[in-house]
Amino acid sequence: MPLYKYLHPDRTDVLRNQCIRFSSPAVLNDPFELKPHLAALATPEYAAADLQRALPRVLAEELAQLPAELRALVSEEALQAFLKAQLPAIQKSLNGASAQMMPLLQETMARKLEELLGVLCLSESPKSLLMWAHYADSHRGFVVQFDETSPFFNRCVSEDDELRHLRQVTYGSKRPSLTLSEVEDGSAFLMKGVEWEYEAEWRMIVPLADASHVIGTGPEAIHLFSFPAQAVTSVILGCRMLETKRAEIQALLAALPQYAHTRCIHAAIDNESYRLRVGPAH
């Protein structure tokens, strides 16, 4: 299934330079991006099991700290029974400390993700009236059609890599509420509110440190990633695109041999329905 990137008419540099921006969550238009609600450090079951696993180590440490004469009086079984009896109180204390930490941890995690990760947002459809309106300068821009099978879209460094490959976004009305340990699989970064469902989004999340070029510094820095021209199968010109811009893009594609395979087509309003048609450019 091909995927599409809606672009402002001024962004012909994407085609010319074969570089595309992966954006920090901080500059995306949804304030919930990559911000699942952190409810706790771990589930109660996981925390209890973790304490149980730590018990032998704690027991050994406590016994080692006792003077030799006391170790002779206190059996390992008795000390183990005592520590087990304290587990509920320890768990309650840890839960309280965790609850106090969560707001700061939530803020810290969000800030770090904004500094470290970039997102490329693509759509399943080149005919979304709203997408053209919002992301392609009210139909004056253009859409790049990408071949999703290009190696550019699958750059995983291991089988467990949750980044560097395309993943489908899901939509819902309830914000995900997770523990810190549940965030690791990255699925929470693929959830958005139902208001965004019209975007039919697929996204690729990568470390910003992998960028080919960086323009500027700080939170507003632009991280560009080089892509192969072979990944571009067509360019769709908006139905309101100025003739001068239309001619510019057609000339650009014709002048660059790496785009010899790329079709230039255009969007037009349908005569019978409130929808767009796409066909060969004139």
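No lab work stands behind these numbers, since they all come straight from the coordinates. These numbers were taken from a predicted model, which means no experiment stands behind them. Neighbour counts are summed over all protein chains in view; Cβ atoms, including those assigned to glycine, are modelled from backbone coordinates with ideal geometry.
Just a few scattered comments:
- Annotation: amide H-H contacts under 5 Å for His266 (H modelled 1.01 Å from N, sequence separation of 5 or more, or interchain): Leu237, Gly279, Ala281.
- A simple rule links phi to the HN-Hα coupling: the Karplus curve 6.51 cos²θ - 1.76 cosθ + 1.60 with θ = phi - 60°, which for segment 190-199 gives 10, 10, 9, x, 4, 4, 9, 4, 4, 6 Hz, with x for Gly and Pro.
- Sequence-ordered 3J(HN,Hα) estimates for segment 3-12 from the Karplus curve with 6.51, -1.76 and 1.60 and θ = phi - 60° stand at 10, 10, 10, 7, 9, 5, x, 6, 8, 5 Hz, glycine and proline given as x.
- Residue order, fewest to most surrounding Cβ atoms within 10 angstrom, among Val194, Val278: Val194, Val278
- By the count of other C-beta atoms within 10 Å, a proxy for reagent exposure, Ile269, Ile236, Ile222, Ile249 are ordered fewest to most as Ile269, Ile222, Ile249, Ile236.
- Most mobile of Leu129, Leu224, Leu163 in a GNM of the chain (Cα contacts under 10 Å): Leu129
- Each of the trypsin sites (Lys or Arg not before Pro) that DSSP puts in a loop and that has at most 12 other Cβ atoms within 10 Å breaks the chain; the longest unbroken stretch is 1-173.
- Farthest toward positive dipole pole in segment 189-234 [+1 Lys/Arg, -1 Asp/Glu at C-beta], among Val232, Ser212, Val194: Ser212
- For the chain, lysine pairs separated by 8 or more sequence positions, or belonging to different chains, with Cα-Cα distances below 16 Å total 6.
- Nearest 10 degrees, 0 to 90: helix 243-255 Cα axis against the chain principal axis: 80 degrees
- Counting only alpha carbon atoms, the long axis of helix 76-116 and the longest principal axis of the chain meet at about 20°.
- Taken about its Cα centre, segment 125-207 carries a charge dipole of about 380 debye when Lys and Arg each add +1 at the Cβ and Asp and Glu each add -1 at the Cβ.
- Rel. contact order, % - alpha carbon contacts under 8 angstrom, at least six apart, the chain: 29 percent
- With respect to the chain, whose longest principal axis is taken over its alpha-carbon atoms, helix 44-65 is tilted by about 40°.
- When shorter helices are ignored and each DSSP H run of at least 4 residues is given -39500 (n - 2.57), the per-residue value for the chain at 222 nm works out to -11000 deg cm²/dmol.
- Net +/- balance of residues flanking Glu162 in space, Cβ distance below 14 Å, scoring K and R +1, D and E -1: -2
- Computed about its Cα centre, the charge dipole of the chain is approximately 860 debye, with only Lys, Arg, Asp and Glu carrying charge at their Cβ.
- Taking Leu242, Leu3 and counting other C-beta atoms within 10 Å, the order from fewest to most: Leu242, Leu3
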